[in-house]
Amino acid sequence: MPSKWSGAAVDPGGGKPTPGEWDPVEVPGRPAAFAGEDRVAYRTVFDDPRDPDEDLALLELRGCYAGAEVWLNDELVAESDAVFDPVRVPFEPDAENELVVECRAPEDRFGGIHDTDRVPDERAVPGIWWGVDVTGQPDPFVVDVDLRPRVTDDGAVIDAAVEVYADESLDDRLTLTTKPAGDRRGRGMMDRASVTAAAGERTVVEKAIEVRDPSLWWPRGMGRQHRYEVRAKLGDATRTSATGIATVEGTDAGGVRVNGEDVPVRGVALTDAAVADTERAVEVNANLVRAHAHALPEAVYDACDEAGLLVWQDLPLTGPGVFDIARGQSLAERLVDTYAHHPSLAAVGVHDEPTDTFAERVGSGLLDRLRFRYRVWRSDYDRGAAEEVAEAVPDGVAVYPVVGGPGTDPDAAALYPGWDYGGVDDLDWVRERYGLDGAVAAFGAASLPEGVDPAEAGDGSGLDLAGFDRAKHDAVVGSDDPAASQAYQAELVRGIAERLRTDGVADDDGSDGAPVVVANALRDAGDAGMGVYARDGTAKEAAESLAAAFEPVQAFLVGASPGECDVVVANDAPEAISGTVTWTAGDESGEVEATVDAGGRTVVDTISVPKSASSVELSVRVGDAGVENRYRL
């Protein structure tokens, strides 16, 4: 990869950009010096990368936001209009080569969350975000190996599309070797395919690779994350890609089914994703991450494949306003095609939060039910455009055309009791009143992390509080102290997560709760926000409370307060469990044996909490494993 880069803001215009001044920058990256610029050019000069036995070279750019023009040795060699589309350019290098990449800010509605004030300007700089590589190659060579697995009646097939470039005319055979990935042992399979190409041509060779008795990829907690590597060899050139075999479909209830099994989803939304976020998602017991209105880097998908985290991938489309349906359809098709080789890809969201129902607030900021109904009535949304785009999404994933609040008739609801309106106790009323009994794509509250001086966390402070409504926060929390802020967020996140996981169980024993539950968000994009982790990855108080609420097997106290309360055990394990549930409330305690079906929620006991009790402690023990849950009254 070229090591020295320079950058400059440029004015729109035709032809290769020629800015007068270039400043040193790091690439890949998002140079903060260009925050707020619409067009930024990046320039580097590199020597011939070839070894003596190599004839050609390959330029690869990953993550050009949001569009780009690529100039190599004064020639326009490629253009990009989506951050998730990699740019690959075969070329014959000179002794010294100049590369100029002009990246531009979004010019339509498809800039996603990075084109909103929920992400700081410094994180939305037009640039090459994910990677740059220049490598020497033989002639001919393999440009890319694209894999699309599918389950069949006889096992499985991996449809391989191998892109080949030849500087000279080519008539040869390509060898494909398939074997289990990682440290798994297994017999490899070999296939061959003919390949012909004219001089200077890029051609694609397609081959269906049969996999007998395939080992399936499973989400974490439901099985192992089996994967396969496919190695394409053409002469002296090789390239390897990995995939996993799994079937994914949406359910009528708005959930996700993997390999024929319903998956109780415990998810977290990623606002500006990094690889380390997959580890944080595992820490809070999530089994899904939602790429909130932005595309994830390949490295994050790889980490999700390995960790067994499902991915809900949004289109980069959020907020009110009309959009080009044809453009949306094209992006939806290409988005799935780009990531289809990842077994973790489970769902696609089209239009995120198409109305801003609660943008204008009254009084303290907490809406009563009358004002809530009025705001929701005014937020009516025409779903037609989102549904047309959703129809273009290829098979093999669940699809949510609209993700929004009450009044938008959403396929997955964004619910913010305790932040936009009411409190935790209003969650059931809102869902019942507006028929929101399916997937929940977002809930939570914002908080100030430790180290932020409340006196400086307002307008003009110099802190980057993108996506953080300070006035709303102070009205809701009633304090500008970070400790009080985090305590409020922790209790709210826990309360809503628990209610969603035990939804309806008191009225209908054995209820499965909400099929998909996603908290917003995992990590702050700015210096404060809705993350249960701060921007730098430091855990807030809500991280621990969400982890407890998201335990795959957990005991919950419904309506925790003095008096009679139901104890509900949720079991997200793939098999039924039998164990012991114990409780302690002040001087009172008890124990009960319980059996809960796979994916079920069951009332296992009704306890009487004395008025003198300051807390209630629950525990579930299954064999040698146990988990505890504690309520402060």
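The values are calculated or read from the model by the stated rules, or taken from the named source; none is laboratory data. Owing to the predicted nature of the structure, the values given are computational and were not obtained by experimental measurement. With ideal geometry, Cβ positions are generated from the backbone for all residues, glycine too; neighbour counts draw on all protein chains shown. All accessible areas refer to the heavy atoms of the entire protein, side chains included, with ligands and DNA or RNA removed. Shrake-Rupley method; radii C 1.70, N 1.55, O 1.52, S 1.80 Å.
Listed values, structure above:
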read-out: Qualifying residue in the range 37-52 (condition: farther than 29 Å from Arg239 by Cβ, crowded, with 20+ Cβ neighbours inside 10 Å and aromatic (Phe, Trp, Tyr)); value: no
read-out: Hits in the range 62-99 (condition: acidic (Asp, Glu) and either touching a Cys at 6+ places or on another chain (Cβ under 6 Å) or over 19 Å from Thr135 (Cβ atoms) (or both)); value: Glu69, Asp74, Glu75, Glu79, Asp81, Asp85
read-out: Subset tally (residues that are in contact with a Lys or Arg (Cβ under 8 Å, 6 or more places away or on another chain) and hydroxyl-bearing (Ser, Thr, Tyr)) for the range 422-450; value: 1
read-out: Cβ-Cβ under 8 Å pairs, at least 6 apart or on other chains, the range 292-314 side of a type in the set (Ser, Thr, Tyr), far side outside any loop (DSSP other than H, G, I, E, B) and modelled with pLDDT of 95 or more; value: Tyr301/Val311; Tyr301/Tyr339; Tyr301/Leu345
read-out: Entirely in the range 247-307, the strands (runs of 3 or more DSSP E) that have 1 or more residues that are closer than 22 Å to Val532 by Cβ and in contact with a Lys or Arg (Cβ under 6 Å, 6 or more places away or on another chain); value: 265-270
read-out: Residue list for the range 89-108, restricted to those being closer than 26 Å to Thr203 by Cβ and surrounded by fewer than 17 Cβ atoms within 10 Å (Cβ to Cβ); value: Glu92, Asp94
read-out: Selection status of Gly221, open to solvent by 10 Å² or more (accessible area, probe 1.4 Å) and either at pLDDT 95 or above or within 33 Å of the chain's Cα centre (by Cα) (or both); value: yes
read-out: Test set (1) touching a Lys or Arg at 6+ places or on another chain (Cβ under 7 Å); (2) within 18 Å of Gln137 (Cα to Cα); (3) charged (D, E, K, R) - Arg202 fails condition number; value: (1)
read-out: Checking Ala573 against (1) open to solvent by 20 Å² or more (accessible area, probe 1.4 Å); (2) in contact (Cβ under 8 Å) with a residue 60 or more places away in the chain; (3) in a strand (DSSP E or B), the condition it does not meet; value: (3)
read-out: Evaluation of Glu279 against (1) charged (D, E, K, R); (2) open to solvent by less than 10 Å² (accessible area, probe 1.4 Å); (3) over 28 Å from Asp409 (Cα atoms) (one fails), failing number; value: (2)
read-out: Residue check, Ala525 in contact (Cβ under 8 Å) with a residue 60 or more places away in the chain, closer than 20 Å to Val289 by Cα and in contact with a Ser or Thr (Cβ under 6 Å, 6 or more places away or on another chain); value: yes
read-out: Failed item in (1) touching a Leu at 6+ places or on another chain (Cβ under 8 Å); (2) within 28 Å of Ile209 (Cα to Cα); (3) not aromatic (Phe, Trp, Tyr), with Asp171 passing the rest; value: (1)
read-out: Residue match in the range 506-517 (condition: open to solvent by 20 Å² or more (accessible area, probe 1.4 Å), modelled with pLDDT of 90 or more, among the small types (Gly, Ala, Ser) and more than 16 Å from Ala549 (Cβ to Cβ)); value: no
read-out: Residue, nearest to Trp5 (Cα to Cα), within the range 49-93, restricted to residues that are in contact (Cβ under 8 Å) with a residue 60 or more places away in the chain and acidic (Asp, Glu); value: Glu60
read-out: The range 70-88, residues that are touching a Gly at 6+ places or on another chain (Cβ under 7 Å) and open to solvent by 20 Å² or more (accessible area, probe 1.4 Å); value: Asp81, Val83
read-out: Candidate set: the range 109-147, residues that are among the β-branched types (Val, Ile, Thr) and assigned to a loop (DSSP other than H, G, I, E, B); chosen: the one most open to solvent (accessible area, probe 1.4 Å); value: Thr116
read-out: Out of Thr251, Thr243, Thr247, sole residue that is surrounded by 21 or more Cβ atoms within 10 Å (Cβ to Cβ) and in contact (Cβ under 8 Å) with a residue 40 or more places away in the chain; value: Thr243
read-out: Boolean, Phe358 is part of a loop (DSSP other than H, G, I, E, B), among the aromatic types (Phe, Trp, Tyr) and closer than 17 Å to Glu391 by Cβ; value: no
read-out: Residue in the range 532-550 that is hydrophobic (A, V, I, L, M, F, W, C) and modelled with pLDDT under 95 present; value: no
read-out: Qualifying residue in the range 191-205 (condition: of a type in the set (Gly, Ala, Ser), under 30 Å from Val265 (Cα atoms) and in contact (Cβ under 8 Å) with a residue 40 or more places away in the chain); value: no
read-out: Members of the range 366-393 found to be modelled with pLDDT of 95 or more and in a loop (DSSP other than H, G, I, E, B), listed by number; value: Ala392, Val393
read-out: Residues located in the range 301-339, provided they are farther than 18 Å from Ala66 by Cα and either in contact with a Ser or Thr (Cβ under 6 Å, 6 or more places away or on another chain) or buried (at least 24 other Cβ atoms within 10 Å of the Cβ) (or both); value: Tyr301, Ala303, Cys304, Asp305, Ala307, Leu309, Leu310, Val311, Trp312, Pro320
read-out: Hits in the range 394-430 - residues which are open to solvent by 40 Å² or more (accessible area, probe 1.4 Å), in a helix (DSSP H, G or I) and of a type in the set (A, V, I, L, M, F, W, C); value: Trp429
read-out: Enumeration of residues in the range 538-568 that are assigned to a loop (DSSP other than H, G, I, E, B), open to solvent by less than 20 Å² (accessible area, probe 1.4 Å) and out of contact with any Pro (no Cβ under 9 Å at 6 or more places or on another chain); value: Phe550
read-out: Test: residue in the range 189-211 that is under 20 Å from Arg150 (Cα atoms) and assigned to a loop (DSSP other than H, G, I, E, B); value: no
read-out: In the range 156-194, the residues that are within 15 Å of Asp236 (Cα to Cα) and open to solvent by less than 10 Å² (accessible area, probe 1.4 Å); value: Val164, Ala166, Leu174, Leu176
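Residues are listed down the side, and each one gets a yes or a no for (1) among the aliphatic types (A, V, I, L, M); (2) at pLDDT below 95; (3) open to solvent by less than 40 Å² (accessible area, probe 1.4 Å):
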| position | (1), (2), (3) |
| --- | --- |
| Glu432 | no, yes, no |
| Asp469 | no, yes, no |
| Asn520 | no, no, yes |
| Ala525 | yes, yes, yes |
